[in-house]
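> Just dropping this structure here.
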Amino acid sequence: MDLQEPLHSGIVGQDYAQRMLANTIKRKRVPHAILLWGPVGTGKLSLAWSYAAALNCTGRGESVSACGSCPSCHAIATQNHPDVRLTEPDGQYIKIDQIRDVIEAVSYRSYFGGWKVWILRHADRMRDEAANSLLRVLEDPPAGTVFLLTAENLYSMLPTVISRCRLVRFNPVPQREIESLLIDRRGVPPEKARLLSVLCGGSVGAALEACSDESLEDERVALIQGIRDLAGKPVWEVLDASARVGDGAKRASLDRSLRILECWYRDLLVYRTTRGEDSIANLDMLDQIRSDAKKCSVADLLTRLKGISEARMQLAANANAGLVMDNLFMTLVTSD
Amino acid sequence: MDMHFNASANDLIPALQLVSRAVSPKSTMQVLTGIFMSWENNTLQLVATDLELGIEAFVDIQSDSSGKAVVPEKYITEIVRRAPTENVEFSFDSESKSMNIVSGNASFTIKTLDPSDFPLFHRLEKGESFSINESVLKKLIRYTSFAAATSDSRRFLTGCYATFNNEGITFVGTNAYRLARMTAKTNIEVDHEVSAIIPAKTLNHLERFLEDSEDTVVVTVDDRQVMFQKGNTTFVSRLIDGSYPDYKRIIPSSFETEIVVERDALFHSIERAALFVGDDSSGVRMEIVDGSVEVSSRSTEVGSLSDRIPAEKSGEDLRVVLRWEYLTDVLRLLKDESIGIKFAGKVKPICLQEQADEYDYLYLIMPFNTES
C-alpha cells in the first residue's frame, strides 16, 4: 500500500500528522476521536478542516485529499456544511451547554449521508463537567461520527478524554520551512522572513501574525539597543530598564520581549561559535553582532539564554512579572 | 441584473409562517437564520431548516425570470405581513445581493445571504414510500409524542419509535417513566418492515400543521431521514441515531387489580390533588378499595387533601403513588366516558388502553417506588 501521500492541507512541517491522517482515510479505518495536539500556530485547526473535507469530499476519487471544488468542499470552505461543525471556547472555556448542543446534534443521522465531523477547538480549555459530558459520547459515539479535538496542553485535559482519542502530535515547525513559506506565499522580503521565522519559535501562526505587526520592529530595535547600552551601568539603571519592560505588561507582550532577547543572544551564540552569517536572524544588526560576540564567552551566552528560558517558565507559572524581569535583566547585564 | 416576481400577500403569509417554524434563531450557521427562496415558472419555493427539521412550501406567483436568494426570516414574514396592499412585488438585484420588496407606496430593501451556502435537503430517492390518511397520522402523533422525553442524554428517548409494516403503523413514545403506544390498523404497502426514531420535536411541528381530514400524506423513510408530503408542503426530518429499547418487555402480562371509573370524575379529582403536590414531586396517591378510589396528596409546606370517587374494582386492594401529569395527560386524550385502569402491582406499571376497529392504544405509567 502506498503510504507516501500526505493529506494535503496547505500547512508546513507536519509531515507525520499529515501522513497519519491520510492513512486513516486510505485504509478506511477512521477513528471516532482524534486529538491533534502541539504548540500554537502549527496547523492543527487547518489540518482538522482538511481532514473533515477529505472525509466528506465527493470529488477526490483515489486521492486522500479533498478536491476543493465539489459541493461538500465548497460548503466546508464557507463553514456551512451541516455535517461538519466547529465548537470553540465561549469566552475562556468550552462550557457544558456547548457540549450538550454537540451531543444533541450528533445524535441525528448524517444530513448529507457522509461523515459527521465535529471539531472541538481548544479542547484543553474545557471545564471538567463539560469534558465528562463529552466523555459519554466519546465512549459510545453515534455511527459515522468523528470528533477532532485540538489542544496545546495535554496536561490540562482529563486523562479519560485523552485515552479515548487517537493522538496526533504536532511539532514546532522548522525555522527554514517557515522562512520559505513567508517568502514564497506571503512575499515577505528575505531578511524579514529570516527574522520572523526565528522569532516565532516554530509557530507559523505567530509568524504570519507578526508579518502585519508594525510595532514589532520598533520594539526589537529598542529592546536590543537598550540591553546593549546597559553594559557596565549601575544596578539602579538596570532595574529602571527592566521595570520599563516588565511593569504592567501583558503576558503576550512579555512573551514577545523574551523572544526578541532570546533571538538576539541566539545570534550572538551562532556567530561566536560558527563565525557564519547564514543563520543570523537580526541581519540588520550584523555589525553589532560581530563586535558583541567578541566580548562574551560561549558560557556567558548560554547562561543568558538559560536565564531567558527560566524567566519564561516562571511567567508561565504566574510569577510576579516585575520581579521576573528584574531578575532576568540582572542576569543578562551582569553575568560577564 | 434584476429578477422580478409578483406574489399575493394572502398566499405568501401562511407559507412563510409555516416554513419559519423550522428556523432556529440561535443557529451558529448564519445562512440558517434565513428562508431559502427559489422562483421559476410562476412558482416560488420556500425552504427553511434548523438541520434537524426542514420545511418546504410552494406558492403560486407571477414571475418573468428565475432566481434564488436566502432572505432573513426575522424580517421577511413581517415585511409581507405589514405590506399595505395585497400585491407584493419582489425584485432581486444579483449585483448588490439585495431584495427589494414593493407594496403600494412602501418599498423595503433587505440584504440577502448566499443561496449556495444553504443546505437544501436531498430528496429521498431510495427508501420506503407509502401514503396514509392525514387524520390517522395526526392522531398517531397526538397520542404518543407527548410521552417522549423532552431532553435526555439517552437521545433516542427524545424521539418516537415508528414502525411501518403491512399490518399498520405503530408509534411509541417513552421517557422511561411512562410509555404511549398507538397502532393504526391501516393498509400501507411496504416491501419490508421499516422502523425509525423520529424526533418528537419534528412530530409536534407536523401535528400542528396536519388537519383532521381524509387527505393523503405521503411518507418516505430511508436510513437517515423521514419525509412527510401533503400537497406541495414537505416536512423532512433527520432521524435519531441509536437503537430503541425493547419496550415490549415492560408491558405487564397479568394484573393484580382492575378498576373502572368515570373519566371526568377521575380527571378532576387528580387535578384537585395536584394542587398539594409539593416541589419535592411527592406525587398523587391512589388507594384502591372496594367500590372507590381514594385520591390524596400532601405537601409538607402547604397542606393535604383527600378525595373519593366511586369505582368498580376487581382484584386486590392496592395503593400506588404516581406523577399526576402522567395520568391527566392521557385522560385528556381518551374518548370513553368510563375507562378501565389495570394495575400490575404496587411498583409495577399502571396500564390504560383504548381499542377501536381502526387503532389500538396502550399507555403505561410507572408509579413511584415508595414504601410510605
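The values are calculated or read from the model by the stated rules, or taken from the named source; none is laboratory data. Given the structure is predicted, the values throughout are model-derived calculations rather than measurements. Glycine also receives a Cβ, built like all others from the backbone with ideal geometry; neighbour counts cover every protein chain displayed. SASA here: full protein model, heavy atoms, side chains in, ligands and nucleic acids out. Shrake-Rupley method; radii C 1.70, N 1.55, O 1.52, S 1.80 Å.
> Taking θ as phi - 60°, what are the ³J(HN,Hα) couplings along the range A:113-123 by the Karplus curve (6.51, -1.76, 1.60), each to the nearest whole Hz, with x for Gly and Pro?
x, x, 6, 8, 10, 10, 8, 10, 7, 6, 5
> Moving on. Could you compute Rg(Cα) / (2.2 N^0.38 Å) for the range A:77-196, with N its residue count?
Scaled against compact globular proteins, the figure is 1.32.
> Tell me, rounded to the nearest percent, the portion of alpha carbon pairs in the range A:20-118 spaced more than 16 Å apart.
Details: 2953 of 4851 pairs.
The calculated P(r) of the range A:20-118 puts 61 percent of pairs beyond 16 Å.
> Tabulate in residue order the Karplus-calculated ³J(HN,Hα) for the range B:2-11, using 6.51 cos²θ - 1.76 cosθ + 1.60 with θ = phi - 60°, rounded to whole Hz; enter x for Gly and Pro.
After applying 6.51 cos²θ - 1.76 cosθ + 1.60, I find 8, 10, 10, 7, 10, 9, 8, 4, 5, 7 Hz.
> If you don't mind, another one. Across peptide B:112-118, how many C-beta atoms of other chains are within 10 Å of each residue C-beta, on average? Please list the in-between numbers first.
Working: counts 0, 1, 2, 0, 5, 6, 2.
The shielding value for this peptide is 2.
> When the Cα atoms of the range B:22-72 are enclosed in a convex hull and the volume is divided per residue, what value in Å³ results?
Working: hull volume 3.3 nm³, N = 51.
For the range B:22-72, the hull spanned by Cα atoms encloses 64 Å³ per residue.
> Then there is this: If you wrap a convex hull around the Cα atoms of the range B:1-51, how much volume per residue is inside, in Å³? Can you show the working numbers first?
Numbers: hull volume 4.8 nm³, N = 51.
That works out to 94 Å³ per residue.
> Let's see if you can work this out: charge +1 on each Lys and Arg Cβ, -1 on each Asp and Glu Cβ, no other charges. What is the dipole magnitude of the protein assembly as shown about its Cα centre, in debye to the nearest 20? Walk me through the intermediate numbers first.
Details: 79 positive and 99 negative charges, 492 e Å.
Charge dipole, the protein assembly as shown, about its Cα centre: 2360 debye, nearest 20.
> Here's a follow-up. For the range B:267-353, what relative contact order do you get, as a whole percent, if you take Cα pairs closer than 8 Å and at least 6 residues apart?
Details: 142 pairs, mean separation 22.4, N = 87.
Worked out over the range B:267-353, it gives 26 percent.
> Just for the Cα atoms in the protein assembly as shown, what are the lengths along the principal axes, largest first, rounded to whole Å?
109, 73, 61
> Suppose every K and R has +1 on its Cβ and every D and E has -1 on its Cβ; what is the size of the dipole of the range A:170-295 about the Cα centre, in Debye to the nearest 20? Intermediate results must be reported in sequence, preceding the final value.
Values: 19 positive and 22 negative charges, 79 e Å.
Using only the charged Cβ atoms, the result is roughly 380 debye.
> Hey, what's the Kirkwood Rh for the range B:251-365 if you take every pair of different alpha carbons, in angstrom? Don't jump to the answer; show the numbers that get you there.
On the way: mean 1/r = 0.0695 Å⁻¹.
Answer for the range B:251-365: a Kirkwood hydrodynamic radius of 14.4 Å.
> Pairs A:26/B:126; B:139/B:335; B:230/B:335; B:74/B:138; A:95/B:26; B:139/B:230: which are spaced more than 19 Å apart, C-alpha to C-alpha? If you can, show how the numbers build up before the last one.
Working: A:26/B:126 28 Å; B:139/B:335 13 Å; B:230/B:335 27 Å; B:74/B:138 29 Å; A:95/B:26 16 Å; B:139/B:230 16 Å.
Result: A:26/B:126; B:230/B:335; B:74/B:138 exceed 19 Å.
> How far, in degrees from 0 to 90, does helix B:134-144 lean away from the longest principal axis of the Cα atoms of chain B, to the nearest 10?
It works out to around 50 degrees.
> May I pose another question? Using only the Cα atoms of chain A, what are the Rg and Dmax in Å?
Taking only Cα atoms of chain A, I get Rg and Dmax of 23.4, 72 Å.
> Now a separate question. Quick check of the Kirkwood formula: for the range B:128-248, what is the inverse mean of 1/r over all pairs of different Cα atoms, in Å? Walk me through the numbers before you get to the answer.
On the way: mean 1/r = 0.0707 Å⁻¹.
Result for the range B:128-248 stands at 14.1 Å.
> Given the C-alpha centroids of the range A:285-305 and the range B:85-132, what is the distance between them in whole angstrom?
With the range A:285-305 and the range B:85-132 each reduced to a Cα centre, they are spaced 69 Å.
> Starting from the coordinates of the alpha-carbon atoms of the range B:2-117, obtain the Kirkwood hydrodynamic radius over all distinct pairs and give the value in Å to one decimal. Display every interim value, and only then the final one.
Working: mean 1/r = 0.0720 Å⁻¹.
Mean inverse Cα-Cα distance, inverted, gives 13.9 Å.
> Right, here's the next one. Calculate the translational D of the range B:99-152 in whole µm² s⁻¹ from Stokes-Einstein, where the hydrodynamic radius comes from the Kirkwood formula applied to all Cα pairs, the temperature is 25 °C and the viscosity 0.890 mPa s.
Stokes-Einstein gives a translational diffusion coefficient of 145 µm²/s.
> Calculated FRET efficiency, residue B:95 and residue A:136, Cβ-Cβ r, R0 45 Å, to nearest 0.05? Write down the numbers at each step before the final one.
Details: r = 50 Å, r/R0 = 1.11.
Once the sixth-power term is evaluated, E becomes 0.35.
> Taking chain B as the reference, fit the longest principal axis to its C-alpha atoms, fit the long axis of helix B:200-209 to the helix C-alpha atoms, and give the angle between the two in degrees, 0 to 90, nearest 10.
The two axes meet at around 70 degrees.
> Normalised by the empirical 2.2 N^0.38 Å for globular proteins, what value does the Cα Rg of the range A:151-302 take? Spell out each step's value before the answer.
Working: Rg = 18.2 Å, N = 152, 2.2 N^0.38 = 14.8 Å.
Ratio of Rg to 2.2 N^0.38 Å for the range A:151-302: 1.22.
> Same structure again: Just to compare against my own numbers: the Cα pair-distance distribution for the range A:152-232, 10 Å bins, whole % per bin, please.
The calculated distribution, bin by bin, is 16, 33, 24, 19, 7, 1.
> Residue farthest toward the positive end of the dipole of chain A, with Cβ of Lys/Arg at +1 and Asp/Glu at -1: which of A:79, A:268, A:115?
A:115
> Taking only C-alpha pairs under 8 Å that are 6+ residues apart, what is the relative contact order of the range A:51-147 in percent? Could you put the intermediate results ahead of the total?
Details: 128 pairs, mean separation 25.8, N = 97.
That works out to 27 percent.
> For chains B and A, what's the summed buried accessible area, probe 1.4 Å, to the nearest 100 square angstrom?
Numbers: alone 18420 and 16820 Å², together 33170 Å².
For B against A, buried area totals roughly 2100 Å².
> So how compact is the range A:214-334: Cα radius of gyration and Dmax in angstrom?
13.8, 39
> When ligands, DNA and RNA are left out and all protein chains stay put, how many square angstrom of accessible area per residue does the range A:15-169 have with a 1.4 Å probe? Walk me through the numbers on the way to the answer.
Details: 6600 Å² over 155 residues.
It amounts to 43 Å² per residue over the range A:15-169.
> Calculate the spin-label point distance for residue B:248 paired with residue B:185, positioning each point 7 Å from the Cα along the beta-carbon direction, and give it in nanometres.
Calculated label separation equals 1.8 nm.
> Something else now. Computed FRET efficiency, Cβ-Cβ of residue B:264 and residue A:251, R0 51 Å: what is it to the nearest 0.05?
Numbers: r = 70 Å, r/R0 = 1.38.
Taking R0 as 51 Å, the efficiency between residue B:264 and residue A:251 is 0.15.
> Picking from A:222, A:154, A:252, whose Cα lies most toward the positive end of the charge dipole for the protein assembly as shown (charges on Cβ: Lys, Arg +1; Asp, Glu -1)?
With unit charges placed on the Cβ atoms, the residue in question is A:222.
> Same structure, new question: At R0 = 22 Å, how high is the FRET efficiency between residue A:177 and residue A:16 if r is their beta carbon distance? Nearest 0.05 is fine.
For R0 = 22 Å, the calculated efficiency reads 0.95.
> To two decimal places, what compactness ratio does chain B give when its Cα radius of gyration is scaled by 2.2 N^0.38 Å? Intermediate results must be reported in sequence, preceding the final value.
Numbers: Rg = 25.3 Å, N = 372, 2.2 N^0.38 = 20.9 Å.
Compared with the compact-globule rule of thumb, chain B sits at 1.21.
> If you don't mind, another one. Between residue B:211 and residue B:74, with labels modelled 7 Å along Cα→Cβ, what's the label distance in nm to one decimal, could you check?
3.4 nm
> Something else about it: Bin width 10 Å, alpha-carbon pairs only: give the P(r) of the range A:227-272 as whole percents, running from 0 to the bin holding the largest distance.
It works out to 24, 44, 31, 2, in whole percents.
> May I ask you to evaluate 6.51 cos²θ - 1.76 cosθ + 1.60, the Karplus curve with θ = phi - 60°, for each residue of the range A:320-330 and list the ³J(HN,Hα) values in order in whole Hz, giving x for glycine and proline?
Going residue by residue, I get 5, 4, x, 5, 4, 6, 4, 4, 5, 4, 4 Hz, with x marking Gly and Pro.
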